[in-house]
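First comes the structure, then the notes that go with it.
The values are calculated or read from the model by the stated rules, or taken from the named source; none is laboratory data. Computed from a prediction, not measured in an experiment: that's the story for all the values here. We place every Cβ from the backbone using ideal geometry, glycine too, and count neighbours over all the protein chains shown. Only protein heavy atoms, including side chains, enter the accessible area calculation; ligands, DNA and RNA are left aside. Shrake-Rupley method; radii C 1.70, N 1.55, O 1.52, S 1.80 Å.
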Amino acid sequence: MMAETRLLELGRLVTGRKQSLFESDYRAAAVQLEEAFSNRRILVVGAAGSIGSATLRCLLEWRPGEVLLVDTAENNLVEVLREIRSDPKVGESNIAIEPIDFGSPMMESILAGQAGFDWVFNFAAVKHVRSERDVPSLLQMVDTNLLKADRFLGWLRKYGHGQMGVFFVSSDKAANPANLMGASKRMMEQLLIWHGSEDASQGNLHGEPIEGNPLRCTTARFANVAFSDGSLLLGFLNRIAKGQPLAGPSDIRRYFVTLEEAGQICCLGAICPSHGQILVPRLSLADDQKNFKQIAELVLHHYGLEPRWLDTEASARLATPSGTTWPCFFAPSQAMGEKEYEEFVGTGETPLEIGLDNLHIVEPPPLPETKTLKEVFGKLARWREEPDLCTGKEQIVDCMKLVVDSLHHVTREHSLDKGM
């Protein structure tokens with residue numbers, strides 16, 4: 001809890017907000033949230049990650065009946081459970097954990113043997129733009145974000161889970177995607193819509209015959225979560241702890257939400273939208289986007305330090321902290337797949353008001369034809385099974401463009417792996 005409190009404090013420092021942006025909307029929806037989650041059976045996949053565990057903390061406010069937490073990160077999953085068991089407000093809750101892959105036969109076995117979960121939340125994802133590095137990493141991303149998700153949704157239908165709702169977390173990068181991670185999230189949104197349609201009655205998109213009732217599926221796109229696992233901001237803290245220089249792009253601006261805000265938008269994203277709709281925050285391009293160089297300076301000032309700006313990566317690698325100054329190297333991004341700014345509403349999408357102060361809805365465009373979706377998912381599934389059949393990243397780009405016509409892939413020489 002101490003670490004969580006510290007990260008929330010730093011998140012508020014970055015956003016400049018003293019309380020959650022969604023506090024008024026969250027409290028106004030208290031009756032609906034309690035009715036939705038109190039005494040319900042809830043499955044949370046990816047529960048050990050930053051967004052999954054933040055959402056879990058919000059869900060536990062409403063006293064669910066039973067909660068099953070699933071994640072492949074066994075150590076982090078155990079730590080989440082320890083934290084819950086140590087909290088006097090929720091320590092006696094009926095919570096179990098399973099350190100398994102949500103797309104594995106073991107997951108199907110659990111779903112087949114359990115009474116129906118009322119709600120299903122899924123946070124499992126390959127989420128880094130770094131997945132652009134090569135074909136194997138891209139196919140792993142496709143497998144997690146799309147193929148396993150397709151199989152998992154089919155199992156939910158087959159065994160009668162998620163009858164009140166299924167929520168998957170999306171990304172702002174799904175709006176007019178510039179990288180394949182964003183395109184995979186846009187396809188995941190399409191996948192959710194398809195599993196609530198009549199076309200899904202006989203199977204899933206990559207060819208497995210599964211019968212079951214359509215699902216009510218919703219999602220949310222939101223900003224970067226400040227100091228979440230794997231983020232550049234958490235990397236700043238790790239580098240300070242290790243005495244290493246801070247590094248990042250000087251020309252990239254991003255929206256940020258705190259861990260608390262991420263949990264709240266996911267809970268609201270489960271209950272507020274209709275099937276297939278996407279909940280997004282109301283943030284200002286001018287006022288709410290932050291520059292990473294500016295954030296590094298804020299973090300250093302929080303620790304009583306001043307940045308010492310260096311001109312080259314080579315000089316930064318050799319530099320060490322001195323007194324109250326800290327070496328920093330920031331330069332324009334040359335990484336593939338990086339957009340200069342973020343957006344939540346893509347081309348062909350319609351923003352709608354639903355009576356919330358700081359959130360609204362995106363109505364996505366109509367789905368591509370089922371025949372086309374099945375063709376794309378089938379091709380991706382074949383490449384996953386036989387990676388040598390895929391001749392290169394461009395082939396994956398062309399395949400995804402068949403169903404994501406807003407994909408404008410940003411191709412550059414470097415990947416994020418090649419810099420500090």
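Condition (residue is modelled with pLDDT of 95 or more, part of a helix (DSSP H, G or I), under 18 Å from Leu407 (Cα atoms) and of a type in the set (Lys, Arg)) applied to the range 119-136: is it met by at least one residue? It would help to see each step written out before you state the result.
Narrowing the range 119-136 to residues modelled with pLDDT of 95 or more: 119-124.
Then drop every residue that is not part of a helix (DSSP H, G or I), which leaves none.
So far as the range 119-136 goes, no, none of its residues is modelled with pLDDT of 95 or more, part of a helix (DSSP H, G or I), under 18 Å from Leu407 (Cα atoms) and of a type in the set (Lys, Arg).
Search the range 92-134 for residues being surrounded by fewer than 19 Cβ atoms within 10 Å (Cβ to Cβ) and of a type in the set (Lys, Arg), and hand back the single one that is farthest from Tyr159 (Cα to Cα).
Per the criteria, the residue is Arg133.
For the range 136-160, give me the residue count where each residue is over 14 Å from Pro214 (Cα atoms), open to solvent by 30 Å² or more (accessible area, probe 1.4 Å) and touching a helix residue (DSSP H, G or I) at 6+ places or on another chain (Cβ under 7 Å).
Matching residues across the range 136-160 total 1.
Looking only at the range 44-82, filter to residues that are more than 17 Å from the chain's Cα centre (by Cα) and over 25 Å from Arg6 (Cα atoms); which one of those is surrounded by the most Cβ atoms within 10 Å (Cβ to Cβ)?
Here the residue is Val67.
Within the range 389-412, track down each residue that is closer than 23 Å to Glu340 by Cβ and either outside any helix (DSSP H, G or I) or among the aromatic types (Phe, Trp, Tyr) (or both).
Once the filter is applied, which keeps residues that are closer than 23 Å to Glu340 by Cβ and either outside any helix (DSSP H, G or I) or among the aromatic types (Phe, Trp, Tyr) (or both), the range 389-412 yields Val404, Asp405, Ser406, Leu407, His408, His409, Val410, Thr411, Arg412.
Give me the pairs: first residue in the range 352-376 and farther than 20 Å from Thr219 by Cβ, second residue assigned to a helix (DSSP H, G or I) and open to solvent by less than 70 Å² (accessible area, probe 1.4 Å), beta-carbon distance under 6 Å, and six or more apart or on different chains, which are they?
So the pair list comes out as Asp357/Ser24; Asp357/Asp25.
Working carefully through the options Phe102, Phe22, find the one that is modelled with pLDDT of 95 or more and under 29 Å from Tyr303 (Cα atoms). Lay out the reasoning, then the answer.
Details: Phe102 fails: under 29 Å from Tyr303 (Cα atoms).
Residue meeting the stated conditions: Phe22.
Within the range 379-388, is there a residue that is open to solvent by less than 40 Å² (accessible area, probe 1.4 Å) and in a loop (DSSP other than H, G, I, E, B)? So that I can check it myself, show each step before the final result.
Start the filter on the range 379-388 by keeping residues that are open to solvent by less than 40 Å² (accessible area, probe 1.4 Å), which leaves 380-381, 383.
Remaining after also requiring in a loop (DSSP other than H, G, I, E, B): none.
No: zero hits.
Those residues that are in contact with a helix residue (DSSP H, G or I) (Cβ under 9 Å, 6 or more places away or on another chain), in contact (Cβ under 8 Å) with a residue 60 or more places away in the chain and of a type outside the set (A, V, I, L, M), I need them from the range 378-398; list them, please. Give the steps one after another, and end with the answer.
Filtering the range 378-398 for residues in contact with a helix residue (DSSP H, G or I) (Cβ under 9 Å, 6 or more places away or on another chain) gives 379-384, 387, 389-393, 395-397.
With the extra rule that they be in contact (Cβ under 8 Å) with a residue 60 or more places away in the chain, the set shrinks to 380-381, 383-384, 387, 390, 392-393, 396-397.
Across the range 378-398, the qualifying residues are Trp383, Arg384, Pro387, Cys390, Gly392, Lys393.
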